[in-house]
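*Asks:* Take a look at the following structure, please.
Just so it is clear, none of the values below were taken in a lab; they were calculated from the coordinates. Bear in mind that the values here come from a model prediction, so they are computed numbers and not experimental data. Virtual Cβ from ideal backbone geometry, glycine too; neighbours counted across all protein chains shown.
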Amino acid sequence: MWRIYPTGTKRLSALYFSLGKHYRQNAAWVMSDETAFALHSLKDSAGNPLWKHSETELLGKSVYTSPFMPETGDGANPVLFGDFSYLWLLERGEPMFRTCNEIFLPTDRTGIYGSECIDCQLVKRDAVKALQCAGTAE
């Protein structure tokens with residue numbers, strides 16, 4: 001589990017304001033479920049929760065969780081914040097489809113197998129920022 005330090009709220013605020021104002025308008029947070037759980041325990045200087053359990057926003061911006069985000073730990077980047085409209089999805093080649101008759105022969109059915117190679121590229125590096133984890137993993 002990630003250790004939450006009092007400086008966590010300052011680090012989130014610093015990440016928020018490190019993003020250019022024009023990118024903040026459409027910005028969102030992306031993190032793993034573990035990180036989201038840990039952030040729910042952070043409190044501001046008045047002792048109020050920074051992120052209430054009933055809210056889907058953190059500092060006024062939407063939060064999305066992804067199983068592909070790294071877990072927290074030394075040197076990890078467990079939180080991304082930015083305008084993800086600058087993250088372009090690229091289709092690398094044509095989609096491929098083929099039938100799979102053999103496996104379905106006893107049931108008189110036809111299976112269809114499809115695959116597609118997709119890549120992505122951040123076209124403006126300043127549009128998304130990452131929070132580097134300096135805490136230690138337990």
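*Asks:* For 72, 99, which order do you get if you count the other beta carbons within 10 Å of each Cβ and list the fewest first? Don't skip to the answer; put the middle values down first.
*Replies:* Working: 72 24, 99 10.
Ordered by Cβ neighbours within 10 Å, fewest first: 99, 72.
*Asks:* Counting other C-beta atoms within 10 Å, which of 43, 52, 21, 129 has the fewest, and how do the rest follow? Could you put the intermediate results ahead of the total?
*Replies:* Details: 43 14, 52 11, 21 7, 129 21.
Arranged by neighbour count, lowest to highest, 43, 52, 21, 129 become 21, 52, 43, 129.
*Asks:* In deg cm²/dmol and to the nearest 500, what is the mean residue ellipticity at 222 nm of the chain if only DSSP H runs of at least 4 residues count, each as -39500 (n - 2.57), divided by the residue total?
*Replies:* Calculated from helices alone, the mean residue ellipticity at 222 nm is -4500 deg cm²/dmol.
*Asks:* Fully extended, how many nm does the chain gain between residue 117 and residue 98 (0.36 nm per residue separation, minus their Cα-Cα distance)?
*Replies:* Values: separation 19, 0.36 × 19 = 6.84 nm, distance 1.53 nm.
Gain on extension, residue 117 to residue 98, equals 5.3 nm.
*Asks:* Would you mind getting the Kirkwood hydrodynamic radius of segment 63-118 from its Cα pairs, rounded to one decimal in Å? Walk me through the intermediate numbers first.
*Replies:* On the way: mean 1/r = 0.0637 Å⁻¹.
Hydrodynamic radius (Kirkwood, Cα only) of segment 63-118 equals 15.7 Å.
*Asks:* Please rank 64, 113, fewest neighbouring Cβ atoms within 10 Å first, as an exposure proxy.
*Replies:* Working: 64 13, 113 10.
Fewest to most other Cβ atoms nearby, the residues stand as 113, 64.
*Asks:* Taking 2.2 N^0.38 Å as the expected size of a compact globular protein, what ratio does the Cα radius of gyration of the chain give against it, to two decimals?
*Replies:* For the chain, the normalised Cα radius of gyration comes out at 1.43.
*Asks:* How far is helix 8-18 tilted, in degrees, relative to the longest principal axis of the Cα atoms in the chain, given as a value from 0 to 90 rounded to the nearest 10?
*Replies:* The two axes meet at around 70 degrees.
*Asks:* Hey, another quick one. What FRET efficiency comes out for residue 68 versus residue 108 if R0 is 35 angstrom and r is the Cβ-Cβ distance? Round to the nearest 0.05.
*Replies:* On the way: r = 39 Å, r/R0 = 1.11.
About 0.35, to the nearest 0.05.
*Asks:* Given a Förster radius of 41 Å and the C-beta distance between residue 22 and residue 55 as r, what FRET efficiency does 1/(1 + (r/R0)^6) yield to the nearest 0.05?
*Replies:* Working: r = 25 Å, r/R0 = 0.60.
Given R0 = 41 Å and the Cβ-Cβ separation, E is 0.95.
*Asks:* Pairs of lysines 8 or more apart, or on different chains, with alpha carbons under 23 Å: count those in the chain, would you?
*Replies:* So the count of such lysine pairs works out to 14.
*Asks:* For segment 15-82, taking Cα atoms only, what is the radius of gyration to one decimal and the Dmax to the nearest whole Å?
*Replies:* When restricted to the Cα atoms of segment 15-82, Rg and Dmax are 12.2, 34 Å.
*Asks:* Measuring from label point to label point, each 7 Å out along Cα→Cβ, what is the residue 37 to residue 132 span in nm?
*Replies:* The two pseudo-label positions are separated by 2.7 nm.
*Asks:* Amide H to amide H under 5 Å from residue 58: which residues, 5+ apart in sequence or cross-chain, H placed 1.01 Å off N in plane?
*Replies:* 63
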